[in-house]
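Worksheet for the structure shown next.
Every number here is computed from the coordinates shown, using simple stated rules; none is lab data. These numbers were taken from a predicted model, which means no experiment stands behind them. Neighbour counts run over all protein chains shown; Cβ positions are idealised from the backbone, glycine included.
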Amino acid sequence: MSSNIAPRKVLERLKPYSPGKPIWELQEEMNIDYVVKLASNENPFGPSPKGIAAISAELQGLNRYPDADTVYLKTAIADKLGVETDQLMVTNGADELITLISSTYLDEGDEIIVPYPSFSEYDFGADLMGATIVPVKLEGDFQFNIDHVIQAVTDRTKLLYICSPNNPTGTYLAKEQFEKLLDAVPEHVLVILDGAYSHYAEAEDYTDGLEFVKAGKNVLVMQTFSKVYGLAGLRVGYGIAPSHIAQTILKVKEPFNVNSLGQAAAAAAVQDDEHVLMSKKRNKEGAQMLYNAFEELHLKYTKTESNFILLQLGPDAEQLYEQLLQKGVILRYGNTWGLPEYVRVTIGTEEENEFFIKQLKSILLNK
Ligand SMILES: Cc1ncc(COP(=O)(O)O)c(C=O)c1O
């Protein structure tokens, strides 16, 4: 039966999200057993053990709906961060938070400002609502130019995203620059600091934005349990904002958006400092291992404050990306961000990094 039900016009703008290829898919395609996935910036050292223990205790209660207000988890986060529970929004991954923010604030013709290249879901949220995306290019070795960001603000600007550390470049915005931005933007603009990778940042002048929320600024800090906490499969993210903003955004949330296993695991993981510290330490060691290999191979990379590295492979990047796939290494090809000469490499375990380096060397040195 044919149908003539017209979808909303703005849906024509939506670009599908391109996730990293799953391990099983490559195993089947190439008929190989050993596959290393360094494509989605997950924590390669596994989930928080405290998070796993909390899930086991929750299993018997799966016949019940989850807590619609995520009270237990909000209390755990509020205690950890020193904020009030009414400043928190807990969501089905940070992805859902981006959609909720977009549907709360964006009408057709409104504008969002996004430094470019960055995380694609900000654009998705804007496209979904028919809003206009105003990209501001990162400059030099992918640094933020805050003056250009400020110049892009108009009467129609509603949201201004700063992803710091930025995905896919690993670069960050210094605290003093963030402060300059906040002082410059008018009150009709909500500044969103996406701190999905904040735990990995070590630069002395880095800010995760929390202090500015606490100071009552028009700032929403976005966070996720998918990265350092190692719970990507459970889909839990959250935001922290002045309470009037948080409460407005919560109006558009589905009642049971965060499943009960996710709530329990996240509440335990947020207190699992040991797992966070271990993950950060090993990530740093892994970054050094990859830097050394890239330098040996005379490859250019951008120094990272995160758990991934943007690597410049040159005009053959796509071919190299494909060759690595055939050898069982999944990276993310830079074309997604308009960077056809680059790949993004998630920092893996020592064994994974070693395997990747070995395969990269075998391709580059035996050509
Ligand atoms: C910068 C950034 N923000 C948000 C997210 C989404 O996180 P979640 O898994 O919580 O939806 C990601 C995921 O890759 C990300 O890279």
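Taking amide H positions as placed 1.01 Å from N in the peptide plane, with prolines and chain starts having none, which residues 5 or more places from residue 192, or on another chain, fall under 5 Å of its amide H?
Residues meeting the amide H criterion: 160, 161, 162, 220.
Ignoring everything except DSSP H segments at least 4 long, calculate the 222 nm mean residue ellipticity for the chain; use -39,500 (n - 2.57) per segment, divide by total residues, nearest 500.
-11500 deg cm²/dmol
Rounded to whole Å, give me the distance from the Cα center of segment 218-275 to that of segment 1-56.
The distance from the Cα centre of segment 218-275 to that of segment 1-56 comes to 20 Å.
Name the shape class, rounded, prolate or oblate, that the alpha-carbon gyration tensor gives for segment 137-264, where a ≥ b ≥ c are the square roots of its eigenvalues, rounded holds for a/c under 1.5, and otherwise prolate holds if a/b is larger than b/c and oblate otherwise.
oblate
Using Cα-Cα distances under 8 Å and only pairs 6 or more residues apart, what relative contact order does segment 289-367 have, in percent?
29 percent
Given 10 °C and 1.306 mPa s, compute D for the chain with the Stokes-Einstein relation, Rh being the Kirkwood radius over Cα pairs; round to the nearest whole µm²/s.
74 µm²/s
With a point put 7 Å past each Cα toward its Cβ, work out how far residue 147 is from residue 30 in nm, to one decimal.
4.6 nm
Compactness ratio of segment 206-282: Cα Rg over 2.2 N^0.38 Å, N = residue count?
Normalised Rg, Cα atoms only: 1.23.
For segment 224-269, take every pair of Cα atoms, bin their distances at 5 Å starting from 0, and report each bin as a whole percent.
Pairs per bin, as whole percents: 5, 20, 26, 21, 19, 9, 0.
Sorted from fewest to most neighbouring beta carbons within 10 Å, what does the list 120, 18, 48, 2 look like?
Arranged by neighbour count, lowest to highest, 120, 18, 48, 2 become 2, 18, 120, 48.
How many Lys pairs in segment 21-171 lie less than 21 angstrom apart by Cα atoms, where the lysines are 8 or more positions apart or on different chains?
Going through segment 21-171 pair by pair, I get 4.
Where does segment 39-89 land on the Kirkwood hydrodynamic radius, alpha-carbon pairs, in angstrom? The partial results should precede the final answer.
Details: mean 1/r = 0.0748 Å⁻¹.
Mean inverse Cα-Cα distance, inverted, gives 13.4 Å.
From the alpha carbon gyration tensor of segment 121-202, can you work out the equivalent ellipsoid semi-axes (sqrt of 5 times each eigenvalue) and give them in Å, largest to smallest? All intermediate terms of the calculation are to be shown ahead of the outcome.
Values: eigenvalues 82, 50, 30 Å².
Values for segment 121-202, descending: 20, 16, 12 Å.
Counting only complete DSSP H runs, which helices of the chain cover 20 Å or more along their long axis at the Cα atoms and score a mean Kyte-Doolittle of -0.5 or above?
The answer, listed by residue number, is 350-365.
Ranking 185, 345 by Cβ neighbours within 10 Å, fewest first, what do you get?
185, 345
Please give me the summed charge of the neighbours of residue 302: other residues whose Cβ is under 12 Å from its Cβ, Lys and Arg +1, Asp and Glu -1.
Cβ neighbours under 12 Å give a net charge of +1.
Mean shadow of segment 1-160, computed from the convex hull of its alpha carbons, in nm²?
With every direction weighted equally, the projected area is 16.7 nm².
Can you sort 235, 64, 332, 156 by how many other beta carbons sit within 10 Å, fewest first?
64, 156, 235, 332
How are the alpha carbon pair distances in segment 214-328 distributed across 10 Å bins from zero to the largest one, expressed in percent?
That works out to 11, 26, 28, 22, 12, 1, in percent per bin.
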